[in-house]
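What follows is a short report on a single structure.
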């Protein structure tokens, strides 16, 4: 390295780097380019460091280790699909939360709504059982022939009960889907995706 | 004056030529994101050299660079959905490897002295006292220059890697290194001077 050159134009070395790196402002760049025209020392510096950059860029590279591809692929086989896991986990987590929320909100109403049905169902069941035994006894005593027996159904608002039952069924189905999906399937992996998972 | 004002030196992480019978990076990424991880192998095969060497130039250890390259590809796979498809893949992969390498360097024991680093990397340079710039251009000097870079302290090695091999701007370098642009300038200036000192010093041995 010719030290003489550095001394002739001291203080410009840093500018030479900025110039070569394209980091000078347009004004500074133009000023330094003009300076270069009349400054052999700076020209030599620019030449030297530009050649140095070129030699660095073409520096010999080592070959990658032979097993690198297989090792990477072996690890990737165990990884979930990029981006899918996080999103699907969020979706499943959201489903679980919504399901639990719905259960907390409608759970008591569901039980309460089912009670009239249970009561009504038991009453009808009782009536039908009684009718069956009466008919059987009549047959046993040789009292054949059809003779209608009175069937006393309980008093109930059948339309309201049917609507309530429909609502109960819908909520129950939604709950089963939400909780079942979230709890049973879990987060998807790259190889096995649950039926409810987001299709790509 | 024949020197370009901003020399765009030949990058070592250029996208390999993709012939018509080979899927593009973007097509491979689409397949991987659709749930088929097998085509990712093609990306690893394409860029393993660039990623491995980006790491090696920083850590200076073959086994460690291999581990970092492997980790870089796995992390890239995990974050593939965040990659901008209109950007080239190689710099993105190399940047992951460089960040991992820088983190690894930070965890290492205190820096060695210049003499220790020269000894560690077995730097043996021919005499440069006559016309160093002319000799630097010679093909047989490439390996020695690489070893001279490895003999730099890690923080200076990092700026040389980012500027000369990855061709990043000062702003980009500052973001990766977590320092100011002014500090990048200072560090790069010192790194280049130090590199020259190493080359001259060894040449005078």
For B:178-185, A:15-22, B:59-66, ranked highest to lowest by mean beta-carbon neighbours within 10 Å, the order is A:15-22, B:59-66, B:178-185
Expected sort for B:92, A:49 with the fewest Cβ neighbours (10 Å cutoff) up front is B:92, A:49
Here D for segment B:24-108, in µm²/s, from Stokes-Einstein with a Kirkwood Rh over Cα pairs at 37 °C and 0.692 mPa s, works out to 253
If each part is reduced to its alpha-carbon centroid, segment B:30-90 and segment B:141-203 end up apart, in Å, by 24
Most exposed to least, judged by fewest other Cβ atoms within 10 Å, B:173, A:73 sort to A:73, B:173
Here the whole-number average of other chain Cβ atoms within 10 Å per Cβ of B:65-75 is 4
Listed with the fewest Cβ neighbours within 10 Å leading, B:200, B:161 appear as B:200, B:161
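Each reported figure results from applying straightforward, stated rules to the coordinates on display, with no laboratory input. Keep in mind that what you see is a predicted model, and the values were worked out from it rather than measured. Here the Cβ is made from the backbone with ideal geometry for all residues, glycine too, and neighbour counts use every protein chain on show.
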